[in-house]
Amino acid sequence: MIPELGHYALVLALALGLVQSIAPVIGARRNDAALMALANSTALMQFAFVALSFAALVTCYVTSDFSVATVFENSHSRMPLVYKITSVWGNHEGSMLLWVLILSVFGAGVAAFGRNLPATLKALVLAVQSWIACAFYLFILLTSNPFLRLPNAPFEGRDLNPILQDPGLAIHPPLLYLGYVGFSIAFSFAVAALIEGRIDAAWARWVRPWTLAAWMFLTLGIAMGSYWAYYTLGWGGFWFWDPVENASLMPWLAGTALLHSAVVMEKRNALKIWTILLAILTFSLSLVGTFLVRSGVLTSVHSFANDPRRGIFILAILVLFIGGGLTLFAWRASALKQGGLFAPISREGALVFNNLFLTTACLTVLVGTLYPLALESLTGEKITVGGPFFNLTFGPLFIALMSVVPFGPLLAWKRGDLLAAAQRLMAAFGGGVLAVALAYAIEGGQSLLAPFGVGLAVYVMIGALVDLAERTGLFRLPLAAVRARALGLPRSAWGTAVAHFGIALSMLGIICAGTWGTELIVAVKPSQTVSLSGYDLTFDGLMQRRGPNYSSEVANFTVRKGGALIGVMQPSKRNFATRAMTTNEAALMMRGAGQLYLSLGDTKEDGTTAIRLYYKPMVMLIWFGAVVMMLGGALSLSDRRLRIGAPRPAAKPALQPAE
Amino acid sequence: MTRKQRRLILIGSSLGVLAVAVALVLSAMRSSIVFFQSPSDVAEHQLAPGTRIRVGGLVKPGSVERGDDLRIQFAVTDGKHDIPVRYQGIVPDLFREGQGVVAEGKLESGTLVADTVLAKHDERYMPKEVVDALKKSGRWQEGAAGAPK
C-alpha cells in the first residue's frame, strides 16, 4: 500500500509539473496574472507530493519491506536505523528520488520567498524549473522506479554496500545534490531572462543568494566526500582525480566563477552576457556530472546500475537542456544590452581574471575527464588520466589564480591603482617570503616548490586580513572608529575575506600533507614496535568484536612519543557476511592540525599483520579550509542587501528593455 | 581607451590564457597518460622497457608468491598470455587467486614492477578493464559468476 502511495504521489507531481511547465509561460505571454500566479501553488504542491513520495520510500526502508525491489537490494533488517534511512539514497533509484525532492524544494523556495520578483520573471523561472523537474520525474517513472514490487517477497535483504555504511557517506550525497540541484535555479533564471529578453543588475541580486547557497552545499559536499575517501579507502589519499570526483569539482569551479561574475553584474551592470552563459554552463556541468555518475559510463562505487536505457535517457535530458539552453543563448544573447565600461586594472578586471582562470581550469578538468572516454569509444584504446596530468595542468592555473586573489578586493571599481594595492599588500608579501624561508629551513632544503606553495598560501591569508584591516581602518583609526566601521561593514565584505582565507587554508593543508607526510608500510609481529616521525607504535595484538551486521577484527596499538604514552589506536577490518565484503576502518589520531593514520592489511597465522602508517602534517586544514569557505558564503548570504532583495521595478524603473 | 580597445585586451588575454592551458594539456598528455593493456597486448606488442602501463586480468591460480618485507609476486592472465608482476606493499583485501586485478607500473625485462595494485570492491563488481580484457581473449562468459550486474 505505502509503495503504491509513493508511486502515485510521484505521478501526481508529474501532472502538476506539466501544468506548471506550460500555464505560466502562456500567462507571461498574455500578461495574465492568474495564470502566472498558478505557478506558485503548483510549485508548492509539487514539493508536497514529492515529499510524500520520498516519505513513502523512507517508510519502506525503515520497516524493511523487502517486497520492494530496491529495499531488498540495498537494505537488511539488522542494519542500524540510521543506515536504513541513508540506504534510501545509497542506490540509483532512491538517489534520483532525492534529486527531484531537492529540485522541488528549490522550486517551492522560489515560489515562497520570491515575493518581490517581477511577476513575469517569477512565472518563467518556475516554468523552466518545472521543465527540469518533469524530465527527471519521467526518468524515474519510466526507467528507475524505486517502488517496483517483487512478485515473491524475500525474508531478508541483501544489505547496503558496506563502504556506504558510514556516517560520512550518509550525508555526502544530500549535500552534493543540494549543490548540483541548487544551480538549477541559476539556470532557470538565466533561461527566463533570455526568454524575456531583458536583464539588469537586480537580476544578479536575485540569482546570487540561490547560487551562493548551492555553492556552500557543494563546497561542504565535496569536502565531506574527500574526507570520507581519506579515512575509508585506507591509503590516506584525499583526492584521486577520479572522474566521479571531477564531476563534482567542475560545477564547483564554474559556480565559483558565477558567484564572482554575478558580483560584477550586480554592482556595475557589466558582464551580463557572460554571467548568463556561466549560469547555463554551471548547471550543464552539474548535469554532465549526473550523467557520468549515474549512466554507468564510469565504473566506480558510485555507478549503481548499468542499465543502458537509463544512460540514454539521461543523455537525452543532457542534450535537451544543455543544447536548448545554449541555443536559446545564441539566439537571444545579442538582444541583451551591453553593460558598463571598466579599465583592465580594476575590481571588474580582477574578477574577469578570476573567471578566466576558473573556467580555463574547469576546462582542463573537463578535458582530462572526458578524453579517456572519447578515446575509448573512438579507438578502443584505454588510457588512464590521473593525478600527474591534473597536477601539471590544473596546478599552474590555480597557482596563477591564487597569486592574484588578494589584489581583487583592494582594487577600486571601474579603474584601480595596482601600485597602491601592491603597497597595501606589503605585509602579505613580507609574510609570504618569510613563510617560504621558514618552510625551506624546516624541511632542510628538500624542494623549493613546496615552500613556495606555503608562501603563496600565507600571502593569500594575510592578504584577506589586510583587506579587512583596510576596510575597518585598523592601525589607522582609533579603536572606537574601527569598531564602528567593522560593524557597518557589509557582511558580504566579511564573507569575501573569510572565503579567501578558507581556500588558502585548504591549499596549505594540501601542500603540507602532500609534501611532508611520511609513511611506513610494514608487517608487524605482536609486541613489536615501529617508529615514524618520532612516534613509536607498539602492536599489542588482535581481538574480535561483533557489530550489528558485521564482525570485526580490531588491532590494538599503543602510541608513545619520546617515551610518553599519548594514546591508543585501534584500526579494524569489518567483515560483512551478507555481501562477503570487508571494509577497512582506519584509526586516526589528531596531532594538532595533523594526523597519525593507521590502517590494516592482511594477517598471517602467526599474528603478523601488515599495516600502513602515515603521519600527515596539517592535513585537517584541507577540510577545515572548506568549512571556513562555507562560513564565508554563509556570512555573505546573511547580507542585508540579499535578504531584503532588490526594490520592485515599479519603484525604480531600472529594468532595461531589450534593444 | 575605447570600448573596442578594451574588448581587444579582454579577448587577447582570454586567448592567451587558453593557449597556455592548451599547451599545458598537450605537454601533460604526452608525459602523464598511462595506457591500459591486456596481457595479450603486452605479449604481442614490443613495448620499450620502462614504459608505464596498466595491466588487467585475473590473478593466475598458483602464481602468488609472498616474500619478506611485504614483497609479492604473481602473474596476471587473460587466459591466453600471462605477465609476471612484482609488487612491494599491501595488496587490496579482495586480492585472491583467480580474481580480477589491475596493476599499474613500469615494464622491466618482461616483468611489470607495479606501484599500484587494485582489486574489485565487492563480490559483484569486476573492474571494467578486466572484463574487457577477458572478453577480448574470449574467456568471458556473460552471466557467469562474477559478472558485473
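Structure values in brief
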{"quantity": "Members of region A:512-534 that are away from chain B (no Cβ under 14 Å), surrounded by fewer than 23 Cβ atoms within 10 Å (Cβ to Cβ) and not in a loop (DSSP other than H, G, I, E, B)", "calculated": "A:514, A:515, A:516, A:518, A:529, A:531, A:532"}
{"quantity": "Residue in region B:17-52 that is farthest from the other protein chains (Cβ to nearest Cβ), counting only those that are small (Gly, Ala, Ser) and closer than 18 Å to residue A:390 by Cβ", "calculated": "B:23"}
{"quantity": "Filter result for residue A:146 (assigned by TED's automatic domain parsing to the domain that holds residue A:16, under 26 Å from residue A:581 (Cα atoms) and part of a loop (DSSP other than H, G, I, E, B))", "calculated": "yes"}
{"quantity": "Residue within region A:367-377 that is small (Gly, Ala, Ser), within 29 Å of residue A:272 (Cα to Cα), more than 8 Å from chain B (Cβ to nearest Cβ) and out of contact with any strand residue (DSSP E or B) (no Cβ under 7 Å at 6 or more places or on another chain) present", "calculated": "no"}
{"quantity": "Scope region A:555-581; condition within 14 Å of chain B (Cβ to nearest Cβ), under 21 Å from residue A:238 (Cα atoms) and not charged (D, E, K, R); matching residues", "calculated": "A:571, A:572"}
{"quantity": "Residue list for region A:310-338, restricted to those being closer than 16 Å to residue A:187 by Cα and either in a loop (DSSP other than H, G, I, E, B) or of a type in the set (Gly, Ala, Ser) (or both)", "calculated": "A:323, A:324, A:325, A:330, A:333"}
{"quantity": "Looking only at region A:257-308, and only at residues there that are β-branched (Val, Ile, Thr) and over 26 Å from residue A:404 (Cα atoms), the one that is modelled with the lowest pLDDT", "calculated": "A:301"}
{"quantity": "Neighbours by Cβ (under 6 Å, 6+ apart or cross-chain): first from region A:387-405, facing another protein chain (nearest Cβ under 7 Å) and in contact (Cβ under 8 Å) with a residue 24 or more places away in the chain; second aliphatic (A, V, I, L, M) and in a helix (DSSP H, G or I)", "calculated": "A:389/B:28; A:393/B:24; A:393/B:25; A:393/B:28; A:397/A:361"}
{"quantity": "Qualifying position, being within 21 Å of the chain's Cα centre (by Cα) and within 14 Å of another protein chain (Cβ to nearest Cβ), among A:185, A:163", "calculated": "A:163"}
{"quantity": "Whichever residue in region A:187-204 is of a type outside the set (D, E, K, R) and outside any helix (DSSP H, G or I) and, among such residues, is surrounded by the fewest Cβ atoms within 10 Å (Cβ to Cβ)", "calculated": "A:197"}
{"quantity": "Residue within region A:396-403 that is crowded, with 16+ Cβ neighbours inside 10 Å and not in a helix (DSSP H, G or I) present", "calculated": "no"}
{"quantity": "Some residue of region B:19-39 being in contact (Cβ under 8 Å) with a residue 40 or more places away in the chain, hydroxyl-bearing (Ser, Thr, Tyr) and outside any helix (DSSP H, G or I)", "calculated": "yes"}
{"quantity": "Conditions (1) in the same structural domain as residue A:43 (by TED's automatic domain parsing); (2) in contact (Cβ under 8 Å) with a residue 40 or more places away in the chain; number of the one not met by residue A:151", "calculated": "(2)"}
{"quantity": "3 or more residues touching a residue at least 12 places away in the same chain (Cβ under 8 Å) and farther than 20 Å from residue A:180 by Cβ: qualifying helices (runs of 4 or more DSSP H) within region A:60-114", "calculated": "A:69-74, A:81-86"}
{"quantity": "When residues of region A:473-492 are limited to those that are more than 32 Å from the chain's Cα centre (by Cα) and part of a helix (DSSP H, G or I), the one nearest to residue A:408 (Cα to Cα)", "calculated": "A:485"}
{"quantity": "Within region A:450-479, considering residues that are among the small types (Gly, Ala, Ser) and at pLDDT 90 or above, the one farthest from residue A:514 (Cα to Cα)", "calculated": "A:469"}
{"quantity": "Selection count where residues are within 14 Å of chain A (Cβ to nearest Cβ), in a loop (DSSP other than H, G, I, E, B) and surrounded by 15 or more Cβ atoms within 10 Å (Cβ to Cβ), scope region B:53-83", "calculated": "3"}
{"quantity": "Candidates A:408, A:432, A:368, A:455 - the one that is farther than 27 Å from residue B:14 by Cα, in contact (Cβ under 8 Å) with a residue 24 or more places away in the chain and part of a helix (DSSP H, G or I)", "calculated": "A:432"}
{"quantity": "Pair list, Cβ < 7 Å and 6+ apart or interchain, from region A:19-38 residues that are under 19 Å from residue A:197 (Cβ atoms) and at pLDDT below 95 to residues that are part of a helix (DSSP H, G or I) and of a type in the set (Ser, Thr, Tyr)", "calculated": "A:28/A:120; A:36/A:120"}
{"quantity": "Contacts under 8 angstrom Cβ, first residue in region B:77-95 being closer than 15 Å to residue B:114 by Cα and of a type in the set (A, V, I, L, M, F, W, C), partner part of a loop (DSSP other than H, G, I, E, B) and modelled with pLDDT under 90, 6 or more apart", "calculated": "B:83/B:110; B:90/B:70"}
{"quantity": "Selection within region A:601-626 - within 14 Å of chain B (Cβ to nearest Cβ) and part of a strand (DSSP E or B)", "calculated": "A:601, A:602, A:603, A:609, A:610, A:611, A:612, A:613, A:614"}
{"quantity": "Selected residue (criterion: surrounded by the most Cβ atoms within 10 Å (Cβ to Cβ)) from residues of region A:340-366 that are within 11 Å of chain B (Cβ to nearest Cβ) and among the small types (Gly, Ala, Ser)", "calculated": "A:361"}
{"quantity": "Number of the condition not met by residue B:14 [criteria: (1) within 8 Å of chain A (Cβ to nearest Cβ); (2) exposed (fewer than 12 other Cβ atoms within 10 Å of the Cβ)]", "calculated": "(2)"}
{"quantity": "Only listed residue being outside any loop (DSSP other than H, G, I, E, B), among the charged types (D, E, K, R) and within 10 Å of chain A (Cβ to nearest Cβ), chosen from B:86, B:6", "calculated": "B:6"}
{"quantity": "Qualifying position, being at pLDDT 90 or above, assigned to a strand (DSSP E or B) and in contact with a helix residue (DSSP H, G or I) (Cβ under 9 Å, 6 or more places away or on another chain), among A:588, A:635, A:631, A:598", "calculated": "A:588"}
{"quantity": "Residues of region A:498-545 classified as under 30 Å from residue A:396 (Cα atoms) and not acidic (Asp, Glu), total", "calculated": "21"}
{"quantity": "The one condition in (1) modelled with pLDDT under 85; (2) at the interface with chain A (Cβ under 10 Å from one of its Cβ atoms); (3) within 18 Å of the chain's Cα centre (by Cα) that residue B:102 fails to fulfil", "calculated": "(1)"}
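The values are calculated or read from the model by the stated rules, or taken from the named source; none is laboratory data. Keep in mind that this is a model prediction, so the values were computed, not measured. Counting neighbours? That spans all protein chains shown, and the Cβs are built from the backbone with ideal geometry, glycine included.
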